[in-house]
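Data first, discussion second: the structure below is written as structure tokens.
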Amino acid sequence: MMSRMGTSYEQFLACLRNSTVRGLLGIEITDEQAEVLASDAVAARAYYEVWSTNQGAAPLASTRPVSQEGPAVLGERVGDLDPYPPTITRRASPPPNVRRASITQRIMKVMRKDDFAWLNVPAEVAARRLLGCELVREIGGREIRVRIVETEAYDQGDEASHTFNGRTGRNDAMFKSAGHMYVYFTYGMHHCCNVVCGPEGYGSGVLIRAVEPLEGIEAIEARRGMTGVNVTNGPGKICAALDIDRRYSGHDLAEPPVQLIKKPALPDSAVTTGKRIGISKAVHELRRFYVTNNPYVSKK
């Protein structure tokens, strides 16, 4: 029997376009809203997280019989979806119109574009803050999700930065507003991606040095032709794994097919600071940040 807590994200996606099943599962959205969610991985994931824990996160433990009226969904019968087991005190349900308004407000909240005001900060602050955040990449209708575990800060006052000598055609994206992507090609073979930060017009960004795969690891390994931590433990490896190149320089990370998802800031105890890697200027500045003891970090 499926329940909110027992429905996986993949099952949730499969149910979105079936209004009957949505009703049985308590997914109280319109067909239009369902289409939006089905086409936007970030909004879908955010709404799923709200929906799957709505009205309490208690697991379904009811022993009441399964309804015989609901259709079979993904090989299981949809029945009584009471989110409260017998041992949990039931809260009074709000009127249907109030409940629908609440759900709609939650949908609109999670579907609202991130303006990345939280990245409108100095590069070293943004680099530290991005640890633990996620990148979502859609390739061929499939979602790949990775967690950022290593970063480096650069800005136009930094001799090691691409923007130190001013704005050019190559580094133009780095002068955009926070939350855009800057991608450059290096050593004639690798692409590297950066998250733009700070105020618009000031060339500032964060190099994403390493990520930890969360979803779509098979697709990542297939693209890289290998397994293990080497699939994404370096900036060039990340772009190869996620199929990111200069096409995405200037891309708004609030939009598919590459999106940045804000996550809670990591505690200081979980972060290590050190010198940047592979540069010949400003080599002693401590502008590299990484998740302590994470196996995907490029260099400890």
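The values are calculated or read from the model by the stated rules, or taken from the named source; none is laboratory data. Everything quoted here is computed from the prediction, not taken from an experiment. Note that each Cβ is placed from the backbone with ideal geometry, even for glycine, and that neighbours are counted across all protein chains shown. Keep in mind that these areas ignore ligands, DNA and RNA; they rest on the heavy atoms of the full protein, side chains included. Shrake-Rupley method; radii C 1.70, N 1.55, O 1.52, S 1.80 Å.
Under 5 Å from the amide H of residue 211 lie the amide H atoms of 149, 234, each residue being 5 or more positions distant or on a separate chain, with H modelled from the backbone and absent for Pro and chain starts. Can you pull the Rg over Rh of region 135-250, Cα-only, Kirkwood? Across region 135-250, the Cα-based Rg/Rh ratio is 0.99. Distances between placed amide hydrogens fall under 5 Å for residue 139 paired with 144, all partners being 5 or more residues away or on another chain.
Ordered from largest to smallest accessible area (heavy atoms of protein chains, 1.4 Å probe), the residues 39, 269 come out as 269, 39.
As a test of reading the structure, rank 118, 51 by solvent-accessible area (1.4 Å probe, protein chains only), most first.
Details: 118 40, 51 5 Å².
Most to least solvent-accessible, the answer reads 118, 51.
Residue 245 exposes around 40 Å² of accessible area when a 1.4 Å probe is run over every protein chain in place.
Near residue 219: Cβ cut-off under 14 Å, other residues only, Lys/Arg at +1 and Asp/Glu at -1. The net charge is -1.
Taking amide H positions as modeled 1.01 Å from N, with prolines and chain starts lacking one, the residues under 5 Å from residue 178 and 5 or more places away or on another chain are 200. The candidates 32, 150, arranged from most to least accessible area with a 1.4 Å probe in the full protein assembly, appear as 32, 150.
Across region 245-252, rounded Karplus estimates of 3J(HN,Hα) from the backbone phi angles (6.51 cos²θ - 1.76 cosθ + 1.60, θ = phi - 60°) give 9, 4, 4, 9, 6, x, 5, 7 Hz, Gly and Pro being marked x.
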